[in-house]
Amino acid sequence: MPEQKIIAVVGATGAQGGGLVRAILADPDRRFGVRAITRDPESEKARALAEAGAEVIAGDADVPASLDAAFAGAYGAFLVTNFWEHMSTEREIAQATALARATKTAGVEHVVWSTLEDTRKWVPVSDERMPTLQGKYNVPHFDAKGEADAVFVEEQVPVTWLKVAFYWENFIFFGQGPQKGPDGDLVLALPLGGGKLPGIAVQDVGKVVYGIFKKGTSLVGETVGIAGETLSGPELAAAFENHLGRPVTFYDMPFDDYRALGFPGADDMGNMYQWQAIVGDEFLGYRSTETARAFNPDLLDFDAWLAANAARITVE
């Protein structure tokens, strides 16, 4: 029996990476082995992955030397960085650079890099519709990943570019779901500028990525943009109303008001929503439900996701 090819997964205890590890382990054909890369192999989540059958190894994108063993002998690698952990563009670009170079050095044959658009290619920072952030960015958590793409090109990494939509889990964990207004009614307040929002269930991201690896190196150099469903604000509110059993209205919050909410990253998120509205249908075209379903036939739409998760959404 031939030796299993190994897919090394960065962020294995996080949302995207964790979903990929579970997808690989759930494959009854066991087409690949999985190496879960984490800063703390002794964490509860890491131990659970080991018990499920993953090889767990220490690796830290902030410590480039630690990545040598992490990628050694791997056929594939999934790379992701977490801007929201530290909110530093410089650190995120340094992490992406270390990951790209380490996979190239290790001779990895197929890398999937979870990236985002550099919004400055569409809207220059001189555009007065949005404030400039951190001195030179429109949307730091988008722009830094997009800026780091150049390293993968320079290093000639055999990469597939992955672009993911808004996580519907944000409605659970980040307070972006419906909230009770002064009159006691529920209001979904998002700054969509009259546009639509592509979204996806986190669990489906890992399944799609596994589908990309199963497709093989024919996807090297290609961009895969995915969504579970793209909905307007009123459509999102109607779905919430159906599953929460209470009236929900949609409030298209002005971008300036959203930026002024004051939570960490509010200005970044406000600019993100405004950039998406400015780019409009072109942006929506970068996140495809059809593409996602081609890699993951079990893709959830928003109604199916709410059926499983509505009870987890706090509205009081």
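Using unit Cβ charges (K, R positive; D, E negative) and no other charged atoms, how large, in debye to the nearest 20, is the dipole of the range 157-316 about its Cα centre?
It comes to approximately 580 debye.
Please list, by residue number, every one of the trypsin sites (Lys or Arg not before Pro) in the range 1-100 that is coil in DSSP and has at most 14 other beta-carbon atoms within 10 Å.
30, 31
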The chain: antiparallel bridges as % of DSSP beta bridges, rounded to 5, reads 15 percent
Cut-off under 5 Å, modelled amide H: who pairs with residue 225 long-range: 163, 288
How large is the dipole of the chain about the Cα centre if only Lys and Arg carry +1 and Asp and Glu carry -1, each at its Cβ, rounded to the nearest 20 debye? 680 debye
Semi-axis lengths (Å, descending) of the ellipsoid that matches the C-alpha gyration tensor of the range 266-311: 25, 18, 8
Taking a quarter of the surface of the Cα convex hull of the range 120-251, what do you get in nm²? 10.7 nm²
What three numbers, in Å, describe the spread of the alpha carbons of the chain along their principal axes, ordered from the longest? 64, 44, 35
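Using the Kirkwood radius over Cα pairs, work out the Stokes-Einstein diffusion coefficient for the range 37-79 at 25 °C and 0.890 mPa s, in µm²/s as a whole number.
225 µm²/s
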From the C-alpha coordinates alone, can you work out the Kirkwood hydrodynamic radius of the range 114-157, in Å? 10.9 Å
In whole Hz, with x marking every Gly and Pro, tabulate ³J(HN,Hα) for the range 96-112 from phi via Karplus 6.51 cos²θ - 1.76 cosθ + 1.60, θ = phi - 60°. 4, 4, 4, 5, 4, 5, 5, 5, 5, 4, 6, x, 4, 7, 8, 10, 10
Please report, in whole Å, how far the alpha carbons of the range 178-306 spread along each principal axis, starting with the longest. 54, 32, 26
Among 200, 162, 76, whose Cα projects farthest towards the positive end of the dipole of the chain, with charges put on the beta-carbon of Lys, Arg (+1) and Asp, Glu (-1)? 76
Spelling out what I want: for every residue of the range 38-48, take phi, set θ = phi - 60°, compute 6.51 cos²θ - 1.76 cosθ + 1.60 (Karplus), and round to whole Hz; glycine and proline get x. 8, 5, 10, x, 9, 5, 4, 5, 5, 5, 5
Area accessible to solvent at residue 218, 1.4 Å probe radius, in Å²: 80 Å²
With θ taken as phi - 60° and the coefficients 6.51, -1.76 and 1.60, list the Karplus ³J(HN,Hα) couplings across the range 294-302 in order, rounded to whole Hz; mark glycine and proline as x. 5, 8, 9, x, 8, 3, 8, 8, 5
I need the shape label for the range 216-263. Rule: rounded when a/c is under 1.5, else prolate if a/b > b/c, else oblate, with a, b, c from the alpha carbon gyration tensor. oblate
Just going by the charge dipole of the range 1-138, with Lys and Arg at +1 and Asp and Glu at -1 on Cβ, which of 33, 48, 125 is farthest out on the positive end? 125
Debye log10 I(q)/I(0) at q = 0.11, 0.18 Å⁻¹ for the range 23-104, Cα point scatterers: -0.32, -0.82
Which percent of the accessible area of the chain is formed by carbon and sulfur heavy atoms (probe 1.4 angstrom)? 51 percent
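Using a 1.4 angstrom probe, figure out how much accessible area the chain has per residue, in square angstrom, rounded to the nearest whole.
44 Å²
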Amide H partners (placed H, <5 Å) of residue 56, local residues excluded: 36
Springs between alpha-carbon atoms under 10 Å, Gaussian network over the chain: tell me which of 76, 194, 17 tops the mean-square fluctuations. 194
For the range 170-224, what percent of Cα pairs sit more than 16 Å apart? 64 percent
In degrees between 0 and 90, to the nearest 10, how far off the longest principal axis of the chain does helix 233-244 point, with axes built from Cα atoms? 80 degrees
Projected area, mean over directions - the range 66-138, Cα convex hull, nm²: 5.8 nm²
Under 5 Å, built H, 5+ apart or other chain: amide partners of residue 186: 181, 249
I'm a student and want to see the number: the projected area of the Cα convex hull of the range 1-153, averaged over all directions, in nm². 10.0 nm²
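The values are calculated or read from the model by the stated rules, or taken from the named source; none is laboratory data. Bear in mind that the values here come from a model prediction, so they are computed numbers and not experimental data. Backbone-built Cβ (ideal geometry, glycine too); neighbour counts: all protein chains shown. Areas reflect the complete protein model, heavy atoms only, side chains present, ligands, DNA and RNA absent. Shrake-Rupley method; radii C 1.70, N 1.55, O 1.52, S 1.80 Å.
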